Structure formats: C-alpha cells, structure tokens
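The values are calculated or read from the model by the stated rules, or taken from the named source; none is laboratory data. Computed from a predicted structure; not experimentally measured. Cβ: placed from backbone, ideal geometry, glycine included. Neighbour counts: every protein chain shown.
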Number of protein chains: 2
Amino acid sequence: MALIVQKFGGTSVADPERIRNVARRVVETQRAGNRVAVVVSAMAGETDALVALARELGGDAPDPREYDALVSTGEQKTIALLAMAIQEHGLPAQSFTGMQMGMRTDRSHTRARIERVEATRIRETLDEGGVAVLAGFQGIDEQGNVTTLGRGGSDTSAVAVAAALGADVCEIYTDVDGVFTTDPNLVAAARKLERVSYDEMLEMASLGAKVLQIRSVLFAKRYGVPLHVRSSFHEGEGTWVVAEEDVMERPVVSGVTYNRDEAKIRVCGVKDQPGVAAKLFTPLSEAGVVVDMIVQNLGHDGSTDMTFTVPRHDYARALSQAQEIAAEIGADQVEGDGEIAKVSIVGLGMKDHAGVATRMFQTLAEEGINIQLISTSEIKVSVVIEEKYAELAVRALHAAFVEDGAAEPVAES
Amino acid sequence: MALIVQKFGGTSVADPERIRNVARRVVETQRAGNRVAVVVSAMAGETDALVALARELGGDAPDPREYDALVSTGEQKTIALLAMAIQEHGLPAQSFTGMQMGMRTDRSHTRARIERVEATRIRETLDEGGVAVLAGFQGIDEQGNVTTLGRGGSDTSAVAVAAALGADVCEIYTDVDGVFTTDPNLVAAARKLERVSYDEMLEMASLGAKVLQIRSVLFAKRYGVPLHVRSSFHEGEGTWVVAEEDVMERPVVSGVTYNRDEAKIRVCGVKDQPGVAAKLFTPLSEAGVVVDMIVQNLGHDGSTDMTFTVPRHDYARALSQAQEIAAEIGADQVEGDGEIAKVSIVGLGMKDHAGVATRMFQTLAEEGINIQLISTSEIKVSVVIEEKYAELAVRALHAAFVEDGAAEPVAES
C-alpha cells in the first residue's frame, strides 16, 4: 500500500465540474489500495481576483500580513469543496488549512519559508482510511499568523507534506503530459521524458520550462522525494523527477529550453579593479532586481566590459540604475537590449562528454545565428541571441542533440 | 477612554467603496479617543455564492464540517480587506479569524454555541493602539475545526467579544436608523425608540422586527452588554438596548410588530386526556418544525380543540403530519389556514398596567377585525387575525398605544 501525495493546480480545480474530476481521480487512487493526501491551489482566477481587491483597498503595497490572510482564502475554498466532492463517492475526507495541518513557516509574509510540517492530523485522517485534503501555498508562523509561500507555492507545499509523511511519491498534476525535451508548440519532434534528475529539472525550470516551481524541486532533492509530473486530463505515466542515481539512461542533452523574458545590459569600459562588480550589483540587488547571467570580458586596454541580464519587466529601472552607477565608477557607457532570447541545452550526460558546447556553437553558426553571451554550468550551456532567432535556434539544437540518433557525434571525454 | 465593539453586516461591507466607509467610521471612533474592535460579516452575496457551491459539490446535505470551512472564508476575506483599508488611514490594524481571536465553540457545526472568547490577541492589539478587525459568525472547536454560529451569528460574535473584553458598548450597525415603534414602511407615525430593554427587544425580534438576532440579545442580556443599534449610513444616535433598570421611561407599549410568515393548524375534537399534547407536538418537533403559538380550548363536550402556528414554509408538511396524528389519537378533524397574520404589542409597562389586552381587543373590534387566537406574556400580547387585515391592525394599534397621547386611557393596576 503506497502513500501518495497528489497536487492539483488552479486550472485543474477551476470550476465545480473540474473539482468533481479531481475527486474522481483521488477516489480511484485510494480505491486502488493507496493512502492519499491531496494538495490543491485556489480555483483559477480566484487569486487574481483577491489580489485585485487587495490593490483596491490596500494600495500599491498592501500590508503583507493582511495580504496573506486575504489570498489564503482561495485555497481554503477549494479544499472544502474538494472534500465534499470526495465524500459524495462515499469516501471519508477532511480538509485542512495550513494552520490545521501544522505547516509551520518563518514570518516572511508573501514568501514564507517552510520550517516544518507537523502533519499530526493528516496522519490521523489517513490512518482512519480517509483522504486528507490540504490547502497549498499557505502556512502559519509561530504566532499563528497566516503566511503564504509565494506564487506557485502549492508545489512546494505538496513536496513538504510528502517529505513529512515519508510518501512514496509526490504526483504533480498539470495541464501538460509531463516534462518535454523542448516546447512541443515549437518543435513537433519534442518528446516526453520518462525520467530526469532533480538537477536537470532545476536547470530546465529556471530556464523557462514552467512545469514545476524551482523551490519544490530543491525541496524534493533535499528530502529525496520522487516527483511524478503528469496530466490531470489524461491517464498514463508522465515524467518522473528523481535522484541522479535513479536516472538510467543519461542522454548528453535532455532538453532544450528558451526564455524570452529577459533583457541585456552592458556596462562598457569599467576600470578593472577589485570591488567594481560589487558596486554595480549591490544596488540592483537591493532594488529587488534578480540578475541572471553575468559575463565579464577583460578588454585589451585593461578596462573591462560587464554584461548581465535582468527580467524584462525590470529592464527600464535596471538600465537607469546602471547608468547612474556607471557615472559614479567612471565607466565609458551603458548599452541595453530588450530584444534578446536565452537558449539553453541541459543534460546530466554533459558531465561525461566533452565538446558539447562547441557542437552547440557550430549548430547555431550553421544557421547564421550570432551568439552575444555564453554561460555554462556542469550540466547546462546557455547562450543569449537576438530574440527573432529564438525558435530557429531551439529547433536546430533539438534536431542536433535530442532527436533520434542526434547525440552520436559527441566525443567521449 | 471607552472600549467600543462595532459590528457591520454584509450590506455595510458589500463592495470596496463601502468597506472604505466602514474604515472611515472605525478610524473616526478611534481618533475620538476610544479603543475599537470591529466585527464584520461576509460581503453581501458572498455567503450565498459559497452556499450555492456547497450545494453543487456536496449535494443537498453537504458535510457540516466542510460547509463551515467553506462559508467561513467569506468573513476572512472581509477582515483582511477592512484591516488594509484602516491601515490606509495610518492607523495600525490587524485581522483575526475565529481561530486567531480564540472564539471557542462547541462542536455543533453550522449552529455552534460559543463557550468562551480567549481574546488574548485582541487585547494585545488594542493595548498597542491598534484596531482589532474580527471575523464574525465563526469560531473553532477544541480540535481546531472551524465552526459557524448560524446565519446572523455575527451579531452574537460581536456581543460575545464585547462581553469578553468588558466593552462599554457593542454597536450594531444596520441599514435602519434603530429600532422603531413599528414598521415605518407601514405606519408613517412610527418613531425611533431611544431605549428598550433586552426583554422588549427579544419579544420584538422574535415577533418579526428583524433588526437584531435573538441569540445576540440573549447573550447581551446574560452578560449585561449595552447594545447600540444604529445606522451605518447616517450619523446620530440609534436605539440603545439595555437592562430593564436602565430604561427610564417605561411606556405601556413600546412597539407594535407583525409577522406574516406563519400558518395556523387546528386539531378539533381531541379527547382531553393526559399526554395528548405530547403525542401531537413531539413528532412535529422531531421533524424540525418550530411551533410558535399553542392555544388549547376546552369544549363543552369534554373534548378539546388544539390550535397552533408554524412557519409558513413548513405548513404543508406540518398539516399532513397533524392529519396522521389526528387519526391515531381519534380527533374529529384537522383544519389549516395559511393566510393569517400575527400582530403583537410589546412593552415593559404592561407589567404595571392592567387592561392593556382588553384595550387591544377593543381597538381591533372597532376596525371590524376578528381575533382567531390570543396569546399573552408578561410584556406582550399577540393575536392571530386574517392576513388581509394585518396592515390595518398594526396602524390602529400603533395609533391607539404608541402615538402621542395614546397611552393615557389605560387604567393603572
């Protein structure tokens, strides 16, 4: 008898009919001989409506404590409705808020970190043969104030509960069939991955394959919780996200991802001396701008160019801030470019293979695509190119690395 | 510095603009040198929408625990929004759910009874100069399950909090200016009462003047909490509901009320023997029918007629049930009448005056109105008449007892 944590997002519980579908799925799992705890998000649209109300009454910066108290009601609605729908099948079910399930977090409202999950009442419900229906996204601090984990936090809730219960698997139901080698809307030959490692998933998630929240993958990796990403609309296996040692085949490249939500800023002619990078990036970080890639090139004259990317919605203010700082540190000039794309290849197998990056650059060169920035990690190579070439680059790289017979030409290290 | 508990119902917080109005009112009260805790209901329409969802997913009898978990989210939404709106005035405010404020109830979901209010965090907030914004209608049982107090329970929440805090007054804001001598829509000369006693208010509330929940008045009486019923739209005093000894003027009749939501059932020719009343009313009570008036007349032949009234929406099933029982106990026949009205006069002064009932009957006789049933208590006389005479009766009684100079002809006891 397996213990399974299932997580359904807002789209899967968007209306009563879909909630009934989720209930059916939960009941089938339980009747197949498993114990089930199910974590749900707010009905699609609900959180946005609550956020709009918060803006209307609390201004641009509503009080974080009250904001959390408000938006957490969305999930509370769903859990009660889902518990009722499960009970209609004659199966006992009980709903639990963050407080009731003992989801203890720190005091950082709107982006709280989970400290522990007490899970006493969840266990009692499961032991009595019932289904525990849990509110995702929310917890409480030590004073009993409601906190939220930030957008997409329901994935993290599910993984934390799975870890606390020692569940056999945490199933994440989404509107796609699993994790694909690249965006199937872009590349017809994209195929579903059977298994990927936590690290590959992390690289893919952070690079724009928005199937799973990064934090939930980190959590799953830390506690060794196997994730199963699968469709809430179809039956059949999805993609398992597991420890590296449990990934049998280790393709050189597991996936090709792209991201068009960034912009590039280049500070030219910076005097190459200690502390310059800190001077540039500290104010940006203090302003809450999350800098992604950072590349530094030492120029021929002893000065250096510093190029970095930021989320596109932060581009304007990051650019003006960079200009101010450039003036202070005596840089020559600042250039910006809002029309870029980041394209990456990710794969555990890169650890064992040399020449992968070179082959990537060749593939792009053959298509006449110029590379503006390069950044590499152990299991990933990312390049920044002109935005208009994004689709072309993804297709070419997918054909070269992922499609049948594509991985052969890479030399063994 | 007074400690004031204010309660605003669903109409007063129906949309963001009205929530801002409530915030303004709260802030004015606090800035006038008072400490304020404010209890609110769900935004008008919200609870109905949640109940509709519960019906859709939980069927005709949704699980009471989940039903409470669901509908309590309505108030949680309002408290967070109101706290934000108060903070916009630069005043600290914190919202508290039933759980957070320590509103402890028994385990009777959907109609829980308050056992105690811990109020620790409410007191802390007030001591720090902040406004405590409290969810009405909800509490928790000893296991931490969310309970609700039943429709209109927010009045009771407010009074319970006022009692726990030892508040100077519990202000109930409504869409009327206070408690009137009769329905102002019916009688132009109706006037607002300055003060009424708890007992008068109880008689008036249960007789159809739907300004205050009966339970909240009982609670206020038990704990000696002065209530102030006033308009959420206008300034100015409303009606104070206080202990009998604090009512200075004691008019013979404080108010004239009417109720058209009842129906009459008469069981004729019942053998007058012990146990007959129990045989008749036990099954009705078990079926959840709340019987209001009961009148028994001993007939000339040793048999008796038993007449009683029930809520009109229970009329059909109560009638068929009465017919079954009549057959069992060998009664002659059962008559029913769905077109009746109950008209009552209520007043503390009746205790000290004789002849009030007689004068009421004379007044109705002068208008040619036949009386079908009579029932009296220490401070009230109720009659059942044909429904079509309801307005006429109310106007005549109001003119005779309440309007200027009307009370004079009553003889002292």
Could you grab me the full set of residues in segment A:10-60 that are closer than 20 Å to A:Val211 by Cβ and β-branched (Val, Ile, Thr)?
A:Thr11, A:Val13, A:Val22, A:Val38, A:Val39, A:Val40, A:Thr47
Condition (residue is within 14 Å of the chain's Cα centre (by Cα) and closer than 20 Å to B:Val290 by Cα) applied to segment B:232-242: is it met by at least one residue?
no
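Does at least one position in segment A:62-84 carry a residue that is part of a loop (DSSP other than H, G, I, E, B) and within 14 Å of another protein chain (Cβ to nearest Cβ)?
yes
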Within segment A:263-274, identify whether any single residue is surrounded by 17 or more Cβ atoms within 10 Å (Cβ to Cβ) and in a loop (DSSP other than H, G, I, E, B), and answer yes or no.
no
Sort out which residues of segment B:1-34 are away from every other protein chain (no Cβ under 14 Å) and of a type in the set (Asp, Glu), and write them in order of number.
B:Glu28
I need the full set of residues from segment A:48-72 which are among the basic types (Lys, Arg) and either buried (at least 17 other Cβ atoms within 10 Å of the Cβ) or in contact (Cβ under 8 Å) with a residue 24 or more places away in the chain (or both), in order please.
A:Arg65
Residue among B:Glu118, B:Glu124, B:Glu88 that is at the interface with chain A (Cβ under 9 Å from one of its Cβ atoms) and among the acidic types (Asp, Glu):
B:Glu88
Close pairs (7 angstrom Cβ cut-off, 6 or more residues apart or separate chains): surrounded by 15 or more Cβ atoms within 10 Å (Cβ to Cβ) in segment A:331-359, aromatic (Phe, Trp, Tyr) and assigned to a strand (DSSP E or B) anywhere
A:Ala341/A:Tyr258; A:Lys342/A:Tyr258; A:Val343/A:Tyr258
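Confirm whether B:Ala37 is more than 18 Å from B:His109 (Cα to Cα), surrounded by 24 or more Cβ atoms within 10 Å (Cβ to Cβ) and within 12 Å of chain A (Cβ to nearest Cβ).
no
Would you say B:Val39 is under 20 Å from B:Ala167 (Cβ atoms), over 27 Å from the mean Cα position of the chain (by Cα) and not in a loop (DSSP other than H, G, I, E, B)?
Values: under 20 Å from B:Ala167 (Cβ atoms): yes; over 27 Å from the mean Cα position of the chain (by Cα): no; not in a loop (DSSP other than H, G, I, E, B): yes.
So B:Val39 fails the test.
Kindly indicate whether A:Thr97 is away from chain B (no Cβ under 11 Å) and either under 26 Å from the mean Cα position of the chain (by Cα) or modelled with pLDDT of 95 or more (or both).
In short, no.
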Please verify whether segment A:244-261 includes one or more residues that are of a type in the set (S, T, N, Q), assigned to a loop (DSSP other than H, G, I, E, B) and under 22 Å from A:Val343 (Cα atoms).
yes
B:Arg104 versus (1) closer than 18 Å to B:Val161 by Cα; (2) in contact (Cβ under 8 Å) with a residue 24 or more places away in the chain; (3) within 11 Å of chain A (Cβ to nearest Cβ): which is the lone unmet condition?
(3)
Checking A:Ala243 against (1) surrounded by 17 or more Cβ atoms within 10 Å (Cβ to Cβ); (2) of a type in the set (Gly, Ala, Ser); (3) out of contact with any Asp or Glu (no Cβ under 6 Å at 6 or more places or on another chain); (4) modelled with pLDDT of 90 or more, only one condition comes out false. Which one?
(1)
Looking at segment B:94-112, can you tell me whether even one residue there is crowded, with 24+ Cβ neighbours inside 10 Å, of a type in the set (Ser, Thr, Tyr) and closer than 25 Å to A:Thr125 by Cβ?
yes
Candidate set: segment A:308-339, residues that are in a helix (DSSP H, G or I) and of a type in the set (Asp, Glu); chosen: the one nearest to A:Phe180 (Cα to Cα)
A:Asp314
State the number of residues belonging to segment A:168-216 that are assigned to a loop (DSSP other than H, G, I, E, B), buried (at least 23 other Cβ atoms within 10 Å of the Cβ) and modelled with pLDDT of 95 or more.
0
Taking the conditions exactly as written (in contact with a Gly (Cβ under 8 Å, 6 or more places away or on another chain), within 24 Å of B:Gln30 (Cβ to Cβ) and crowded, with 24+ Cβ neighbours inside 10 Å), does B:Phe137 satisfy them or not?
yes
Positions within segment A:371-391 being surrounded by fewer than 17 Cβ atoms within 10 Å (Cβ to Cβ) and assigned to a strand (DSSP E or B), in sequence order:
A:Ile374, A:Ser375, A:Thr376, A:Ser377, A:Glu386
Test result for B:Lys342, in a strand (DSSP E or B) and of a type in the set (Lys, Arg)
yes
With more than 26 Å from the chain's Cα centre (by Cα) and among the small types (Gly, Ala, Ser) as the only criterion, which of B:Gly338, B:Gly347, B:Gly368 stands out?
B:Gly368
Quick check: is even one residue across segment A:43-57 in a helix (DSSP H, G or I), closer than 20 Å to A:Pro92 by Cβ and acidic (Asp, Glu)?
no
